[in-house]
1. If I filter segment 83-99 down to residues being outside any helix (DSSP H, G or I) and over 18 Å from the mean Cα position of the chain (by Cα), which single residue comes out as nearest to residue 153 (Cα to Cα)?
2. Counting only residues that are assigned to a loop (DSSP other than H, G, I, E, B) and modelled with pLDDT of 95 or more, how many does segment 238-262 have?
3. Within segment 263-277, does at least one residue satisfy the condition of being within 21 Å of the chain's Cα centre (by Cα), in a helix (DSSP H, G or I), within 28 Å of residue 176 (Cα to Cα) and modelled with pLDDT of 80 or more?
4. Please note which helices (runs of 4 or more DSSP H) are completely contained in segment 115-215 and include at least 1 residues that are modelled with pLDDT under 95 and in contact with a strand residue (DSSP E or B) (Cβ under 6 Å, 6 or more places away or on another chain).
5. Restricting attention to segment 324-364, and to residues there that are assigned to a helix (DSSP H, G or I), farther than 28 Å from residue 268 by Cβ and at pLDDT 90 or above, which single residue is nearest to the chain's Cα centre (by Cα)?
6. So which residues in segment 242-260 are out of contact with any strand residue (DSSP E or B) (no Cβ under 9 Å at 6 or more places or on another chain) and surrounded by fewer than 17 Cβ atoms within 10 Å (Cβ to Cβ)?
7. Just the residues that are farther than 23 Å from residue 279 by Cα and in contact with a helix residue (DSSP H, G or I) (Cβ under 6 Å, 6 or more places away or on another chain), please, taken from segment 191-217.
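The values are calculated or read from the model by the stated rules, or taken from the named source; none is laboratory data. As the structure is a prediction and not an experimental result, all values here were calculated from the model. Note: ideal-geometry Cβ built from the backbone for every residue, glycine included; neighbour counts use all protein chains shown.
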């Protein structure tokens, strides 16, 4: 039975991929390579602690594990206002983890029997070019033009992985849309929830008719398993995934404003009114907010030129290639996915509020 090493298996997506593999192949040997131990015990999963930015650590860890295949998930997504920052410090950290870290893992495999490498890339290798809209993205679009640090760091990592593909060492890259689902405590659902407390829900930037797509956590985990099975030839597939990148989403693009309204409804919130802010005015306000933050040294504002561009951009992908090559189809519908993600985050919020209340009683 194959031995699979998963980098970043302590994280949100990594844990889901471990579960997906164990559900279908309970006899496979799994190793989690991560800087942090998993938040909960992972039965029948070996754990190796290593920092992917440290080449020597990674080389020793992967040679010791000597896996048959690697699923490379470890990475860093700048959160909140940092998503739109292009400071040198942020770019350096993002590239160190997402680009250099991937190269370290990739190079370390050369000293092992590893024969398959599934890499978690991102749709942002294309869509983080904020100067353009990207309706129905396909894999023939060029990458390397991202204006934001995350997509800019993921692009060269993906290119390196695909360039390493050979007959004896098969590689592929998956490009997930924004992931939602239970267990994500700082992603898009959390961001939408904070808009309620900030009183930001009434404002519509631009026309409000821009389209996005998302992917539910177990669906993207399924895609990783399919890619792994494909490269290892575990079962028959229409085509080999070797040397290919593929977009993965729920295949259900939605108007972003409708998505936000649906999320807020799950938290029993309906905007008291709606007010359209022209894109040009919002962009100027974002610039002012950035200057104010820079001058005052205050915490970065939610509003920035980058967040405005993101709020009005159209970015969704075709999944035709993933369907054709992997036989990928999302098992969890998007409406159900939003509901499950929101229910889980409601539970998290309630637990935090209870802890605050309990602390207040103790100190009161």
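1. Here the residue is 86.
2. Within segment 238-262, residues that are assigned to a loop (DSSP other than H, G, I, E, B) and modelled with pLDDT of 95 or more number 11.
3. For segment 263-277, residues within 21 Å of the chain's Cα centre (by Cα), in a helix (DSSP H, G or I), within 28 Å of residue 176 (Cα to Cα) and modelled with pLDDT of 80 or more: present.
4. In segment 115-215, the matching helices (runs of 4 or more DSSP H) lie at 188-197.
5. The residue in question is 326.
6. 258
7. Matches in segment 191-217: 216, 217.
Residues checked against (1) within 21 Å of the chain's Cα centre (by Cα); (2) surrounded by fewer than 16 Cβ atoms within 10 Å (Cβ to Cβ); (3) in contact (Cβ under 8 Å) with a residue 12 or more places away in the chain; (4) not in a loop (DSSP other than H, G, I, E, B):
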site	(1), (2), (3), (4)
22	no, no, yes, yes
32	yes, no, yes, yes
37	yes, yes, yes, no
53	yes, no, yes, no
